[in-house]
Structure formats: structure tokens, C-alpha cells
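Undergrad: First the structure, then my questions, so here it is.
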Amino acid sequence: MRPTWLVVGSALTAALALAALPGLVGSRVPSPLEPTPVSAFQSISVKANSAPSVSIGALDAASGSAGRLDHDSTFIEHAPAPQSALTARAALDQPDPAAGSVRKPPRYTLTGWATFYDFGTTAMRLPRGTIIVICGAGGCVERVVNDYGPVKHTRIIDMYRPDFFDICGCAWFAGTTMVTVYVY
């Protein structure tokens with residue numbers, strides 16, 4: 001039963017195509033080119049050095065704006081601004097940020113090995129967008145996790161190469177360093 005409906009449907013589609021697009025379905029021979037009749041062209045004579053005499057009248061009052069400059073406009077120059085007596089920035093008495101620096105306590109910390117990675121900061125146990133502070137022998141940096149990794153379970157984090165060597169405090173040929181990661 002199914003093949004007969006398929007054949008009938010195909011036949012109807014072909015018939016509709018022939019009826020709707022007779023020019024496309026018909027002969028493959030191109031239609032002959034017909035020449036353009038001579039009566040379609042007319043001769044026009046134009047003088048070579050004649051310019052049309054068109055004159056433009058004066059503009060009316062509506063064409064001007066409120067801030068328009070005319071030939072009789074006057075300019076007023078103001079005196080230069082007086083020089084201020086300030087020559088340096090004012091000194092403020094503020095506390096030393098290192099002495100009383102307070103950071104929100106981390107949710108938890110991870111300690112383990114870190115390596116460098118050229119495409120950002122990755123941490124296998126943390127989702128993207130997590131704010132972390134990574135501390136090593138050479139210092140600390142605050143970063144945002146931007147990818148999932150490292151694959152090996154012996155490392156807890158892969159760091160951007162310049163960050164790795166800033167935190168590591170080691171030679172350029174070092175591959176791993178021990179770090180503490182504070183998760184916020």
C-alpha cells in the first residue's frame with residue numbers, strides 16, 4: 001500500500017512542477033535573440049559649449065540658525081584663566097595597607113602541586129568563575145578560574161606561565177611548584 005502512495009505523490013509533484021514552472025521545465029533550447037528596432041532610438045543634438053542659465057536666488061531668513069556667523073559678526077576673547085598656586089598633590093594621612101589589610105576568610109584551602117599552562121588558570125576541583133588566591137614561595141596572585149583542568153590527579157592547578165614563575169620564585173626550567181590555593 002505504501003509504495004503506491006509514494007508513486008502517486010511523486011506523480012502529483014511532477015505534474016504540479018510542470019504546471020507551475022512551464023518555462024523551466026520545457027525545452028532546453030535557448031530562445032532566439034531578437035534585434036532592437038531602429039525606431040527605438042532617437043537623435044538628440046546638444047551644443048558642446050552651452051551651459052544652462054540657471055540662477056539661484058538669495059536664501060530666506062529661515063535658512064539661518066541662531067548661532068550663525070555673518071560677515072559683520074564680532075568675536076569676544078576672554079582673559080586667560082589665572083594660574084593656580086597648586087604645584088603638587090596634597091598629602092593625605094592614610095594607614096599603611098599592609099599593616100591592617102583584612103581579607104574575607106576563604107571558604108577552604110587546597111595545597112598541592114601546580115604547573116604552568118599558556119591559556120589561563122585552570123583548577124580541576126573548582127568551577128569556572130571561582131575567585132582564588134594562589135600563594136607560593138615567590139608570592140601570591142589573585143585570579144579567576146577560567147577552565148577545567150589539570151587532568152593529572154597529582155596537580156591541583158595549572159597557572160598562566162607568567163603567574164607561575166612569579167609565584168614559584170624558581171628558575172625558568174622548573175616544571176612544578178608547591179602552592180596553597182585559597183578559594184573564595
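Undergrad: Those residues that are in a helix (DSSP H, G or I) and among the basic types (Lys, Arg), I need them from the stretch 145-173; list them, please. Give the derivation first.
TA: In the first step, residues of the stretch 145-173 are kept if they are in a helix (DSSP H, G or I); the result is 161-168.
The one that is in a helix (DSSP H, G or I) and among the basic types (Lys, Arg): 161.
Undergrad: From (1) surrounded by 15 or more Cβ atoms within 10 Å (Cβ to Cβ); (2) at pLDDT below 90; (3) of a type in the set (Val, Ile, Thr), pick out the condition that doesn't hold for residue 154.
TA: In the conditions (1) surrounded by 15 or more Cβ atoms within 10 Å (Cβ to Cβ); (2) at pLDDT below 90; (3) of a type in the set (Val, Ile, Thr), residue 154 misses (1) alone.
Undergrad: Among the residues of the stretch 128-151, which ones are surrounded by fewer than 17 Cβ atoms within 10 Å (Cβ to Cβ), farther than 13 Å from residue 182 by Cβ, over 25 Å from the mean Cα position of the chain (by Cα) and not small (Gly, Ala, Ser)?
TA: The answer is 151, and nothing else.
Undergrad: If you go through the stretch 101-144, how many residues are hydroxyl-bearing (Ser, Thr, Tyr), in a strand (DSSP E or B) and either farther than 24 Å from residue 169 by Cα or out of contact with any Asp or Glu (no Cβ under 9 Å at 6 or more places or on another chain) (or both)? Working first, answer last.
TA: The initial filter retains those residues of the stretch 101-144 that are hydroxyl-bearing (Ser, Thr, Tyr), namely 101, 108-109, 111, 115, 117, 121-122, 130.
From the residues that got through so far, the ones that are in a strand (DSSP E or B) too are 108-109, 111, 115, 117, 122.
Okay, now just the ones that are also either farther than 24 Å from residue 169 by Cα or out of contact with any Asp or Glu (no Cβ under 9 Å at 6 or more places or on another chain) (or both), so 108-109, 111.
Count: 3.
Undergrad: Let me confirm something: among 107, 89, which residue is at pLDDT 70 or above, farther than 30 Å from residue 176 by Cα and either touching a helix residue (DSSP H, G or I) at 6+ places or on another chain (Cβ under 9 Å) or of a type in the set (Lys, Arg) (or both)?
TA: Working: 107 fails: farther than 30 Å from residue 176 by Cα.
Residue meeting the stated conditions: 89.
The values are calculated or read from the model by the stated rules, or taken from the named source; none is laboratory data. Treat the numbers as computed from the prediction; the structure is a model and nothing was measured. Because the Cβ atoms are built from the backbone with ideal geometry, glycine has one as well, and the counts that use them run over all protein chains shown.
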